[in-house]
Amino acid sequence: MSRDLFEAARTAMARCHAPYSKFPVGAAIRDADGRIHAGANIEVISFPEGWCAETTAISHMIMAGGHRIREVAVVAEKLELCPPCGGCRQRLAEFADADTLVHLCDAEGVRQTMRMDELLPFAFETEVIG
Ligand code: THU
């Protein structure tokens, strides 16, 4: 992974709205055209209404006209390595391929890289819907 994706995730993390958990997270997606879309977690006082950094980044990609995820970087200020939550794995998988790389980062850079199908094995997929 080139450094720019990690830097984008780290910059986004600083823009989180996480007054309740005080657990800043940043994510950055490189789309199929090479463009980077970043996001942070955004919390709401009605706790279940908040959402994750990965979800913000996906939203930015879609609104910028992006369609497919080439690679992802995730960084959390207070965790050496922040595996995406279950819901975000499913959301990332919607726009990723089995071999799309997800880079789990610490404050310095990438700590561990996983494929999408390692993060979400046996994913729900069907041709019956849609
Ligand atoms: N969070 C993320 O943004 N991404 C993850 O992959 C895991 C968790 C956020 C959600 C919430 O704002 C905070 O971290 C604590 O759970």
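The values are calculated or read from the model by the stated rules, or taken from the named source; none is laboratory data. In this text the structure is predicted, and so the values were computed from the model without any measurement. When we count neighbours, we look across all protein chains shown, and the Cβ atoms used for this are built from the backbone with ideal geometry, even at glycine. What goes into the accessible areas is simple: the full protein's heavy atoms, side chains included, and nothing from ligands, DNA or RNA. Shrake-Rupley method; radii C 1.70, N 1.55, O 1.52, S 1.80 Å.
The residue that is nearest to the ligand (Cβ to nearest atom), among those in the range 61-80 that are over 17 Å from Met13 (Cα atoms) and either open to solvent by 100 Å² or more (accessible area, probe 1.4 Å) or not hydrophobic (A, V, I, L, M, F, W, C) (or both), is Glu71.
So, in the range 33-59, exactly how many residues are of a type outside the set (Gly, Ala, Ser), touching a residue at least 24 places away in the same chain (Cβ under 8 Å) and not in a loop (DSSP other than H, G, I, E, B)?
Step one: list which residues in the range 33-59 are of a type outside the set (Gly, Ala, Ser), which gives 33, 35-37, 41-45, 47-49, 51-52, 54-56, 58.
With touching a residue at least 24 places away in the same chain (Cβ under 8 Å) added as a condition, the list becomes 33, 35-37, 41-43, 45, 47, 52, 54-56, 58.
If we keep only those that are not in a loop (DSSP other than H, G, I, E, B) too, we end up with 36-37, 42, 47, 54-56, 58.
Counting residues in the range 33-59 that are of a type outside the set (Gly, Ala, Ser), touching a residue at least 24 places away in the same chain (Cβ under 8 Å) and not in a loop (DSSP other than H, G, I, E, B) gives 8.
Only one entry in Ile129, Ile45, Ile58 is more than 10 Å from the ligand (Cβ to nearest atom) and farther than 22 Å from Ser21 by Cβ, namely Ile129.
Out of the residues in the range 16-32 meeting the condition of being assigned to a strand (DSSP E or B) and of a type in the set (D, E, K, R), tell me which one is farthest from the ligand (Cβ to nearest atom).
Just the residues of the range 16-32 that are assigned to a strand (DSSP E or B), to begin with: 17, 25-31.
The next check asks that each one be of a type in the set (D, E, K, R); those that pass are 30-31.
Values: Arg30: 18, Asp31: 19 Å.
Per the stated criteria, the residue is Asp31.
Of all residues in the range 65-83, which are at pLDDT 95 or above, assigned to a loop (DSSP other than H, G, I, E, B) and in contact with a strand residue (DSSP E or B) (Cβ under 6 Å, 6 or more places away or on another chain)? The one that is at pLDDT 95 or above, assigned to a loop (DSSP other than H, G, I, E, B) and in contact with a strand residue (DSSP E or B) (Cβ under 6 Å, 6 or more places away or on another chain): Gly66.
Examine the range 81-95 for a residue that is of a type outside the set (Lys, Arg), open to solvent by 30 Å² or more (accessible area, probe 1.4 Å) and under 17 Å from Ala8 (Cα atoms), and state whether such a residue exists. There is at least one residue in the range 81-95 that is of a type outside the set (Lys, Arg), open to solvent by 30 Å² or more (accessible area, probe 1.4 Å) and under 17 Å from Ala8 (Cα atoms). Each residue in the range 1-22 was checked for being within 13 Å of Ala53 (Cβ to Cβ), open to solvent by less than 70 Å² (accessible area, probe 1.4 Å) and aliphatic (A, V, I, L, M), and 5 pass.
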